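The values are calculated or read from the model by the stated rules, or taken from the named source; none is laboratory data. Keep in mind that this is a model prediction, so the values were computed, not measured. Cβ atoms come from the backbone with ideal geometry, glycine included; neighbour counts cover every protein chain shown. Ligands, DNA and RNA are stripped out before the accessible areas are found, and what is left, the full protein with its side chains, is counted by its heavy atoms. Shrake-Rupley method; radii C 1.70, N 1.55, O 1.52, S 1.80 Å.
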Amino acid sequence: MKRKLLFIVLLIAFKTVAQNNSKIAFQKSRYELAVASYKKADFEKAIDLFYVASKIKPDSEIGIESIKKVDTLKTILRQDIMTHALGTWKMIGDKPVWAAKQTSDYTNKDFDEIVVITQNEILFYQKNTKTQEKKLIKTEKLAYYNKEQSDALFSDVILSDGTIWNCNINDDGNELHVINVGKTGENGVEKITSNNIERFYVKVK
């Protein structure tokens, strides 16, 4: 009976060691891929890989270093987005510029929806297409949404009504795509995975 018990204990111990070794190896591989992406200036891929590496064994040397890299890259990526986002944008609908249906849906309107993005605020205007008069509808503080400390999210903003919007700008820097990905409430964050509200904007200034 003692031999059997000893065998079970040893088996559990070996299994634990094997699992730890497997985790360490996987963490190292993610970290090395992240470093390679970082050196190629593929920062979006790098931040995702560093985040995965940080979660496998957070207290290890690689885990701690990965968390630092995530925070650094988040700052870099947000600065890059802001470089292109600052300015005045006109809403063109829920489809990109190239969509054929766009023209018929969003021309000959009485009012245009205009968004002005500054370093600290997002200002929403309604502009009369005939008189060109602009009316300020609301002002929002520009606040990034962080799901958790040192997460890989860098382009999500949260508005005062609790809605969370993922924001992307095309390579030319002239089209902004926002999509409602969640909403905060009494029970935390409700993730939206279907029938998401989308808006496309073109830069006018």
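Counting only heavy atoms of protein chains, what accessible area per residue, in Å², does the range 15-91 have with a probe of 1.4 Å?
59
Which of the peptides 117-127, 189-199, 66-76, 82-92 is most tightly packed, and how do the rest follow, going by the mean number of other Cβ atoms within 10 Å of each residue?
On the way: 117-127: 14.6, 189-199: 11.5, 66-76: 18.4, 82-92: 16.8.
Those peptides, ordered most packed to least, come out 66-76, 82-92, 117-127, 189-199.
I want to check the label-to-label distance for THR131 and GLN79. Put each point 7 Å from Cα in the C-beta direction and report it in nm to one decimal.
With each label point 7 Å from Cα toward Cβ, the separation is 4.4 nm.
Could you tell me the center-to-center distance, by alpha carbons, between the range 23-68 and the range 116-152 in angstrom?
34
Could you sort the peptides 151-163, 131-143, 48-60 by per-residue average Cβ neighbour count (10 Å cutoff), highest mean leading?
Highest mean packing first, the order is 48-60, 151-163, 131-143.
Among all the aspartates and glutamates, which ones have a C-alpha under 19 Å from LYS191's C-alpha, if same-chain residues fewer than 8 places away are not counted?
GLU148, ASP151, ASP156, ASP161
Given R₀ = 35 Å, what would the calculated FRET efficiency be for ASP172 paired with ASN195, taking r from the Cβ atoms and rounding to 0.05?
Working: r = 29 Å, r/R0 = 0.82.
E between ASP172 and ASN195, to the nearest 0.05, is 0.75.
As a quick test, which of the pairs LYS134/LYS205; LYS109/LYS183; LYS23/LYS69; LYS39/LYS69; LYS134/LYS183 have an alpha carbon distance above 18 angstrom in this structure? Write out the running numbers ahead of the final one.
Details: LYS134/LYS205 15 Å; LYS109/LYS183 30 Å; LYS23/LYS69 20 Å; LYS39/LYS69 12 Å; LYS134/LYS183 29 Å.
Too far apart for the 18 Å limit: LYS109/LYS183; LYS23/LYS69; LYS134/LYS183.
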